[in-house]
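For reference, the structure is listed below as structure tokens.
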Amino acid sequence: MGKDGKMKIGIFYLDGVKIKKTAEELANFFRKRNIKVFINEKLRSAKPDKDSIIISLGGDGTFLKASHLGIEMNVPVLGINLGNLGFLTDVEARDVFNATDELLKGNFFIEKRAVLKGLKLGEGGKEDTFFAVNDFVLVRSIRERMMFAEIFVNGMRAGKFRSDGIVIATPTGSTAYALSLGAPIITPSASVYELVFIAPHKLSARPIIFSGEDHLSLRILSKEPVSFQRDGEEIFKLKMFDRVTFEKANRELRVVHLKKKNFFDVLNKKFGWGE
């Protein structure tokens with residue numbers, strides 16, 4: 001792999017002198033092996049081939065940003081944990097160059113993860129489409145005591161709910177914000193997604209699991225603007241009577257693993273469940 005010079009490696013990282021140094025060392029490692037390297041903003045200019053891979057250097061937040069590039073470019077992503085928890089990343093910092101050796105030998109496999117599509121219908125029929133690896137989050141304005149929204153499932157009205165906000169999460173995102181709200185953990189291979197309320201007005205407003213075939217729609221009834229976020233970043237504000245829809249995307253995130261990965265081993269390690 002890469003001996004013919006056709007392989008392309010993307011290296012993505014955020015701020016940090018130490019991480020930048022690691023990125024430069026990695027880039028030199030690949031260039032010496034006749035492999036083209038594209039770093040950060042130059043990634044979009046690369047024309048990926050079947051052997052291309054994006055390497056994310058950092059924690060889970062960096063991995064999410066790299067994943068959006070991977071989805072857009074249809075390129076798999078390898079996460080190297082230079083952050084803290086590193087739930088999504090596959091390789092620890094001490095193993096960086098061992099990992100790259102295995103990568104070049106082709107000793108890896110690719111796991112496919114579901115992605116959520118969010119769509120907002122704007123003025124004049126314009127559609128704004130976004131993709132989320134972890135979740136979409138709608139949060140009330142500071143000036144509004146509660147967010148008020150009407151929920152529809154497959155075109156049928158499910159009810160009106162008041163809460164501080166709503167999280168719509170993928171199986172990957174079920175161990176992120178949704179987990180802190182008391183929602184269930186979903187195994188990565190499950191073809192479902194979930195809706196979770198943030199501090200709901202009614203105790204009966206419980207988390208809901210949807211199949212990958214279900215279409216979810218939210219109509220905003222709050223007077224003040226609602227923050228619409230994708231994987232931790234605000235995309236825009238939603239105003240009263242705006243509608244957003246969600247469904248499982250026809251795109252996938254492809255994650256590179258260097259060894260067989262047991263999801264429950266990861267949970268045990270990160271959450272300290274014990275033997």
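The values are calculated or read from the model by the stated rules, or taken from the named source; none is laboratory data. All figures in this text were calculated on a predicted structure; none of them were measured in a lab. Ideal geometry is used to build each Cβ from the backbone, glycine not excepted, and the neighbour counts take in all protein chains shown. Calculation scope for accessible area: heavy atoms of the full protein, side chains included, ligands and nucleic acids excluded. Shrake-Rupley method; radii C 1.70, N 1.55, O 1.52, S 1.80 Å.
Some observations on this one:
- Among residues of region 44-68 that are without any contact (Cβ under 8 Å) to a residue 24 or more places away in the chain, those with a beta-carbon under 9 Å from a residue that is of a type outside the set (D, E, K, R) at least six positions away or on a different chain give the pairs 45/38.
- Residue in region 251-264 that is among the aliphatic types (A, V, I, L, M) and open to solvent by 50 Å² or more (accessible area, probe 1.4 Å) present: no
- Answer from 34, 74 - the residue that is in contact (Cβ under 8 Å) with a residue 24 or more places away in the chain, under 21 Å from residue 173 (Cα atoms) and surrounded by fewer than 18 Cβ atoms within 10 Å (Cβ to Cβ): 74
- Counted residues, region 30-62 - those being over 17 Å from residue 104 (Cβ atoms) and in contact with a Leu (Cβ under 8 Å, 6 or more places away or on another chain): 9
Table: residues versus (1) surrounded by 15 or more Cβ atoms within 10 Å (Cβ to Cβ); (2) outside any helix (DSSP H, G or I); (3) over 22 Å from the mean Cα position of the chain (by Cα).
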{"residue": "18", "(1), (2), (3)": "no, no, yes"}
{"residue": "24", "(1), (2), (3)": "no, no, yes"}
{"residue": "42", "(1), (2), (3)": "no, no, no"}
{"residue": "54", "(1), (2), (3)": "yes, yes, no"}
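- Of note, residue 95 satisfies the criterion of being under 20 Å from residue 266 (Cβ atoms) and more than 23 Å from the chain's Cα centre (by Cα).
So that you can scan it fast, the table gives a plain yes or no per residue for (1) in contact with a Lys or Arg (Cβ under 6 Å, 6 or more places away or on another chain); (2) open to solvent by less than 50 Å² (accessible area, probe 1.4 Å); (3) outside any loop (DSSP other than H, G, I, E, B):
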position: 88; (1), (2), (3): no, yes, no
position: 95; (1), (2), (3): no, no, yes
position: 99; (1), (2), (3): no, yes, yes
position: 103; (1), (2), (3): no, yes, yes
position: 110; (1), (2), (3): yes, no, yes
position: 119; (1), (2), (3): no, yes, yes
position: 137; (1), (2), (3): no, yes, yes
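- Among residues of region 90-107 that are in contact (Cβ under 8 Å) with a residue 40 or more places away in the chain, those with a Cβ under 8 angstrom from a residue that is outside any loop (DSSP other than H, G, I, E, B) and of a type in the set (S, T, N, Q), sequence gap 6+ or separate chain, pair up as 90/81; 91/81; 93/22; 93/81; 96/22.
- The lone exception for residue 183 - which of (1) open to solvent by less than 60 Å² (accessible area, probe 1.4 Å); (2) at pLDDT 95 or above; (3) part of a strand (DSSP E or B) it fails: (3)
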